[in-house]
Amino acid sequence: MPLIVLEGIDGCGKTTQAELLVATLAESGKNARRLREPGGTVLGERLRSLLLDPATTACPTAELFTYLAARAQLVDEILRPALARGEWLVLDRFWYSTVAYQGYGLGLDPTAVTAACRLAVGGLKPDAALWLDVPVAVAAARRATGRTAVDRIEARGDAYQEKVRSGYAALAAAGDLTRIDAEVPVNELQAVIQRAVLAG
Ligand code: T5A
């Protein structure tokens, strides 16, 4: 099961869990690493800076295609070659984020967004895609303890995060994501994720 995706609203705890999962996989002898979206390539990291910079102005469609450009490059330059070498990849966000954030969050047609995502990933399918679900207020409190600067997407506030969460719920209802209750301590969540990944 080499491609594992963790998803969720801002501050749900994905990055913490992605790092723990990579460590567990490495301990069991797997060649594993974490990659983040947008990012992971020179182009992707540059686009990430633009996308998260509060000084950037981008209409919803421009934002959509910028995320997709970062993803297309990551798939082509990093994901496919690494998977072909047998590496295990833990991906901090994938196309589900685009449907949730730009589709449900910004009001672009989720069906059209999904079709555009399909083009960007060229048929690449994860072996497990887990949605770490927490209420918006819990994620906001976690973010507040963890970091200082608020990026362009986070600055949209709780009402936006609620729409994004409803997008994840729709993806889970459609069978695209497996929902995991993430409103639990880090070590408990780690055990649940490990079981879900190993069960796959
Ligand atoms: N985006 C992304 C789009 O709009 N469209 C797209 O297509 C894509 C790919 C990317 C931004 O871009 C948007 C989404 C994002 O807004 P990001 O870095 O992925 O940026 O965004 P964040 O989700 O904000 O990443 P964070 O690192 O801030 O949050 P995480 O990864 O969810 O949470 P984490 O692990 O850093 O934890 C946050 C804090 O909570 C604590 C941690 O110690 C930390 O302090 N914590 C817990 N506390 C209690 N219990 C637990 N179980 C905890 N787990 C973690």
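Protection proxy ranking, highest mean first, for peptides 164-176, 183-195: 164-176, 183-195, where packing is the per-residue count of other beta-carbon atoms within 10 Å, averaged.
Taking a straight line from the alpha carbon of residue 30, these aspartates and glutamates sit under 16 Å away, with near neighbours fewer than eight places off in the same chain left out: 19, 87, 127. The value obtained for the chain, namely the Cα convex hull volume divided by the number of residues, is 113 Å³ per residue. Amide H contacts for residue 40 (H built 1.01 Å from N in the peptide plane; partners 5 or more residues away or on another chain; cut-off under 5 Å): 45.
Mean separation of Cα pairs under 8 Å and 6 or more residues apart, divided by the residue count, gives segment 98-164 a relative contact order of 48 percent.
For residue 88, the residues whose modelled amide H falls within less than 5 Å of its own, excluding neighbours fewer than 5 places apart on the same chain, are 31, 32, 33.
As an exercise, use a Förster radius of 25 Å and the Cβ-Cβ distance of residue 155 and residue 119 to find the FRET efficiency, rounded to the nearest 0.05. Result of the calculation: an efficiency of 0.30.
The slack between residue 111 and residue 199, meaning 0.36 nm per residue of separation minus the straight C-alpha distance, is 28.7 nm. Inter-label distance, residue 184 to residue 52: 2.8 nm, where each label sits 7 Å from its Cα along the C-beta direction. Relative contact order of the chain: 34 percent, from C-alpha pairs under 8 Å at least 6 residues apart in sequence. Averaging Cα coordinates gives a centre for segment 32-69 and one for segment 130-200; these two points are 20 Å apart.
Note on segment 1-137: dipole from Cβ charges, positive end direction compared against 115, 57, 73; the farthest Cα belongs to 73.
The helix-only estimate of mean residue ellipticity at 222 nm for the chain, built from DSSP H runs of length n ≥ 4 each weighted as -39500 (n - 2.57), is -16000 deg cm²/dmol after division by the residue total.
For residue 125, a cut-off of 12 angstrom between C-alpha atoms picks up these aspartates and glutamates, skipping any fewer than 8 places away in its own chain: 176.
Quick note: the coordinates plus some simple rules give every number you see, no bench work behind them. Just so it is clear, the model here is predicted, and its values are computed rather than measured. Positions of Cβ are backbone-derived with ideal geometry, glycine not excepted, and every protein chain shown enters the neighbour counts.
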